[in-house]
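Asks: Just dropping this structure here.
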Amino acid sequence: MLEVLAKRTTRITPFVGLAENIPESIEQARSHIAVPRTFDFVVSTLMLHHCPDVKKVFSSFQKVMKPGGMAIVVDLCEHPFVEFREEMGDYHLGFKPSEIEALARETFGGAKVKKLPKMCSCSASGRSADLFICPMTKSNQPR
Ligand SMILES: C[S@@+](CC[C@H](N)C(=O)[O-])C[C@H]1O[C@@H](n2cnc3c(N)ncnc32)[C@H](O)[C@@H]1O
């Protein structure tokens with residue numbers, strides 16, 4: 001994916017890092033390539049359910065966001081497909097919106113999770129899960 005992205009535009013600098021520790025991932029990348037330390041937007045699509053410690057991920061996002069910046073997480077709502085753990089390395093079987101809101105509140109002071117009208121579906125197996133979106137803003141004021 002990152003190779004395809006790099007071919008599409010020179011305005012994005014792809015590098016591999018850990019969502020749980022983006023500041024350290026950035027510092028490692030900076031010893032090879034020019035990468036900013038903070039960002040206006042952090043976007044995470046279908047990544048969060050792979051991470052055991054969601055609070056650590058949110059805190060990591062917050063550390064690399066500019067004041068007034070926004071993080072947007074799109075991920076799976078709670079679903080019954082336990083086989084996703086084996087098949088796709090999923091850690092969480094989706095999330096309850098209230099669970100994500102509570103975790104986001106601890107780091108960002110507030111967040112509103114909305115269900116999206118589209119589903120994430122696998123046409124081959126017929127399995128599908130609802131998606132949610134959670135925008136989180138970093139205050140201009142220190143917390
Ligand atoms: C289901 S794929 C989603 C890929 C892409 N974001 C999309 O929406 O099509 C999950 C992605 O999360 C990445 N991932 C899993 N755990 C991660 C972690 N701890 N830190 C950063 N990326 C992680 C995987 O490498 C994989 O690219």
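Asks: Evaluate Rg over Rh across region 34-121, taking Cα atoms for both radii and Kirkwood's formula for Rh. The partial results should precede the final answer.
Replies: On the way: Rg = 13.8 Å, Rh = 14.0 Å.
Ratio value, two decimals: 0.99.
Asks: So, one more: Can you give the net charge of the other residues whose Cβ lies under 14 Å from the Cβ of residue 55, counting K and R as +1 and D and E as -1? Could the numbers behind the result be given before it?
Replies: Details: positive: 56, 63, 105; negative: 20, 53, 99, 101, 106.
Result for the local shell: -2.
Asks: Using a 7 Å offset from the Cα along the Cα-to-Cβ direction at both residue 2 and residue 123, what is the distance between the two label points in nm, to one decimal?
Replies: 3.0 nm
Asks: Taking θ = phi - 60°, what integer Hz values does the Karplus form 6.51 cos²θ - 1.76 cosθ + 1.60 yield along region 31-45, in sequence order, with x for Gly and Pro?
Replies: Residue by residue, region 31-45 yields 6, 10, 9, 7, 10, x, 8, 9, 9, 6, 9, 10, 10, 10, 10 Hz.
Asks: Next question, about the same structure. Taking every pair of Cα atoms in region 1-73, average 1/r, invert it to obtain the Kirkwood radius, and report Rg/Rh to two decimals.
Replies: Numbers: Rg = 12.4 Å, Rh = 13.0 Å.
Dividing the radius of gyration by the Kirkwood radius yields 0.95.
Bear in mind these aren't lab numbers, they're just calculated from the coordinates by the rules spelled out. Just so it is clear, the model here is predicted, and its values are computed rather than measured. Note: ideal-geometry Cβ built from the backbone for every residue, glycine included; neighbour counts use all protein chains shown.
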